[in-house]
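Rule-based calculations on the coordinates, nothing more; no lab input. Given the structure is predicted, the values throughout are model-derived calculations rather than measurements. We place every Cβ from the backbone using ideal geometry, glycine too, and count neighbours over all the protein chains shown.
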Amino acid sequence: MRVAITAPLKRVRQTMDFLPQLALDIRLGSGVSFEGFYPGANEQALTVVRELAAGRGEPFLYLHGAAGLGKSHLLQAACQAAARDGAAVAYLPLSEAAQWSPEVLDGLESLSLVAIDDLQCVADKPEWQEALFHLYNRLRDASARLLVAADRRPAELGLALPDLVSRLQWGLVLRLEDLDDQQKLEGLRFRARCRGFELPQETAQYLLAHYPRQLGTLFGLLDRLDEASLMAQRRLTIPFVKKALETAE
């Protein structure tokens, strides 16, 4: 899904003569959904984001936590779900902010749901912080929904604009928790079932023991292994996994 973000220039806005939409090449991950999110210790976050996407509950939500816990997945799943219900949405990963002007935020208050990811990436960009501050105010006035994600709490981001920090704390602030080893094993097998196959328990344990334990990294390995097994018409046994990953390296 391409996300089109309206970005009218200020002089154009004053005449109410809007520019065409600026279509940023941002695509939501294929197959990203709430049903494909393994919550583990983060059931509350999943529930709250679902409610926000449906237009219920807290309209402003800030998620934070380490990389690989599923923040981007939840933001994109919210956009997918809201769009299926007919809502106008925008997903904006600020990890790509260097390619854009802060003017891409102009006009977003006309949408039903705005999801802003990787907020920490503009911690050293005052012009973006100023634009985000004004966006918060416009979204509140428009009764729009806002979902934000970053790797730290608002007060820990080192933002230069105190008023933006206060806006970030307007709504609910939730931390995504890391999963324990058993939950990561269950998460790997859950991911496999979502892709339509069963992952043997011993293979899941092997991956957890021999590769980086960040769930996002493990999911990426599993996706590669699934493709390799389909090509070779082989089950994901430990010997096959060893050979497939050694060949890939």
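Across the chain, C-alpha contacts under 8 Å between residues 6 or more apart give a mean separation that, scaled by the residue count, equals a relative contact order of 20 percent.
Please work out how many pairs of lysine residues in the chain are eight or more positions apart (or on different chains) and have Cα atoms closer than 23 angstrom. Number of lysine pairs found: 5. What residues qualify as long-range amide H neighbours of PHE60, i.e. H under 5 Å apart, gap of 5 or more or another chain, H built at 1.01 Å from N? Distant-sequence amide H within range of PHE60: LEU146, LEU172.
A simple count of charges around GLY36, restricted to other residues whose Cβ falls under 11 Å of its Cβ and scoring Lys, Arg +1 and Asp, Glu -1, yields +2. For region 110-117, putting each phi into the Karplus relation 6.51 cos²θ - 1.76 cosθ + 1.60 with θ = phi - 60° gives couplings of 7, 8, 7, 9, 10, 10, 10, 9 Hz, in residue order, rounded to whole numbers and with x for Gly and Pro. Among PHE240, LEU63, PRO162, flag the residue with its Cα farthest along the positive direction of the charge dipole of the chain, charges on Cβ as +1 for Lys/Arg and -1 for Asp/Glu. Of the options given, the answer is PHE240. Charge tally for ALA131 (other residues, Cβ to Cβ under 9 Å; Lys, Arg +1; Asp, Glu -1): -4. For region 74-207, the fraction of alpha-carbon pairs lying more than 26 Å apart is 36 percent, rounded to a whole number.
Taking packing as the residue-averaged number of other Cβ atoms within 10 angstrom, the listed peptides 227-234, 32-39 run from highest to lowest as 32-39, 227-234.
The packing ranking, built from the mean of other Cβ atoms within 10 Å per residue, places the peptides 219-225, 116-122 in the order 116-122, 219-225, highest first. Each listed q (0.15 Å⁻¹) maps to a log10 I(q)/I(0) for the chain, found by the Debye formula over equal Cα scatterers with no solvent: -1.04. Note on region 148-249: Rg/Rh from C-alpha atoms, Kirkwood Rh, equals 1.18.
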